[in-house]
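Worksheet: one structure, shown below.
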Amino acid sequence: MHIASQLGKGTVVTLWLPRAGAADAINVLEQSVIRAPEVPRRKLRVLLVDDDSLVSMNTAEMLIDLGHSVLESPSAEDALRILASDRAFDVILTDYAMPGMNGLDLATKIKRMNPEVPVILATGYADLPPQTVIGFPRLAKPYTQEELTRILETEV
């Protein structure tokens with residue numbers, strides 16, 4: 001790299017890169033191809049619980065893109081109200097760190113209400129103390145659509 005600068009005239013940056021071979025170019029193209037998400041084996045009805053509306057919206061869009069139906073809930077308390085009147089969910093995906101009742105407490109209450117429904121806890125590594133045993137499948141934030149697909153396929 002060479003940088004030449006003159007006061008009042010500007011700066012010229014010259015950057016020399018090694019020439020890529022044909023194999024390098026093909027490798028870059030293969031890595032940049034956007035692959036369609038895996039189509040799930042079955043369509044799920046998902047209750048999504050997250051107090052962060054942007055995270056919830058993004059996750060809901062990923063789930064819808066995979067063919068699932070989603071009902072969003074902004075809090076654990078709201079999710080319990082929904083479940084009191086409608087238990088027909090195939091899976092519940094809940095954030096851990098929420099004001100009021102956290103996702104682990106919510107998951108525990110849901111399991112008491114309906115032990116058959118799978119509950120997946122979405123957590124950042126800093127959310128839980130290292131010694132905490134959660135007893136529920138964990139989806140580490142941030143997660144991709146492929147990771148979301150994988151945990152739904154293995155846990156539901």
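Each reported figure results from applying straightforward, stated rules to the coordinates on display, with no laboratory input. From a predicted model like this one, the values you see are computed outputs, not experimental measurements. Glycine gets a Cβ as well: all are built from the backbone with ideal geometry, and neighbour counts include every protein chain shown.
Annotations for the structure displayed:
- With the simple spin-label model, which puts each label point 7 Å out from Cα in the Cβ direction, the Glu116 to Arg19 separation comes to 6.7 nm.
- Whole-Hz Karplus values for the range 115-123 come out as x, 7, 7, x, 10, 10, 9, 9, 9 Hz, taken residue by residue from phi with 6.51 cos²θ - 1.76 cosθ + 1.60 and θ = phi - 60°; glycine and proline positions read x.
- The listed peptides 91-104, 7-20, 49-62, ordered by packing as a protection proxy, come out as 91-104, 49-62, 7-20 (highest mean of other Cβ atoms within 10 Å first).
- The range 45-155, Rg to Rh (Cα coordinates; Rh as Kirkwood inverse mean 1/r): 0.92
- Spin-label model distance (nm) - Ile3 vs Asp52, 7 Å beyond Cα toward Cβ: 3.5
- Between Arg41 and Asp105, the FRET efficiency estimated from the beta carbon spacing at R0 = 30 angstrom works out to 0.45.
- FRET efficiency for the pair Asp65 and Ala140, taken as 1/(1 + (r/R0)^6) with r the Cβ-Cβ distance and R0 = 22 Å, rounds to 0.60.
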